[in-house]
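**Student:** Dumping the structure here so I can ask a few things about it.
Read the figures in this text as sums done on the coordinates, not as results from a lab. Computed from a prediction, not measured in an experiment: that's the story for all the values here.
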């Protein structure tokens, strides 16, 4: 039963990933594209965690933590670039 729940959750997050990819491509402003990219990172992290639960290995959890840190830093860097024009002052 848990297998079916994991597959359903993976399908839902996969659909969310595709929907945010569409928003990333067609977003009218840069802020919309940044938020779509951040949401894609979150959906990808959720997919990795679900896959780690399905496989029963802890390496996916560690990889998802690394991707979460890189995703946060990249979102902050993109926002600073859009607001100020440079990343490092």
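**Student:** Only Cα pairs within less than 10 Å get springs; with that Gaussian network setup on the chain, which residue of 65, 35, 48 has the largest fluctuation?
**Tutor:** 65
**Student:** For helix 59-84, what angle does its Cα long axis make with the longest principal axis of the chain, in degrees from 0 to 90 and rounded to 10?
**Tutor:** Helix 59-84 sits at roughly 20 degrees to that axis.
**Student:** Further question: Report, in whole Å, the centroid distance computed from the Cα atoms of region 1-26 and region 39-61.
**Tutor:** That distance is 12 Å.
**Student:** Relative to the longest principal axis of the chain, what angle (0 to 90°, nearest 10) does the C-alpha long axis of helix 2-26 take?
**Tutor:** 20
**Student:** Angle check, please: helix 30-55 long axis (alpha carbons) against the longest principal axis of the chain (alpha carbons), in degrees 0 to 90, nearest 10.
**Tutor:** 20
**Student:** Compute the normalised compactness of region 18-67: alpha-carbon radius of gyration over 2.2 N^0.38 Å, N being the residue count. Write down the numbers at each step before the final one.
**Tutor:** Numbers: Rg = 13.2 Å, N = 50, 2.2 N^0.38 = 9.7 Å.
Compared with the compact-globule rule of thumb, region 18-67 sits at 1.36.
**Student:** Summing -39500 (n - 2.57) over the DSSP H runs of n ≥ 4 in the chain and dividing by its residue number, what mean residue ellipticity at 222 nm do you reach, to the nearest 500 deg cm²/dmol?
**Tutor:** Values: 3 runs with 77 residues, N = 89.
My calculation for the chain gives -31000 deg cm²/dmol from helical runs alone.
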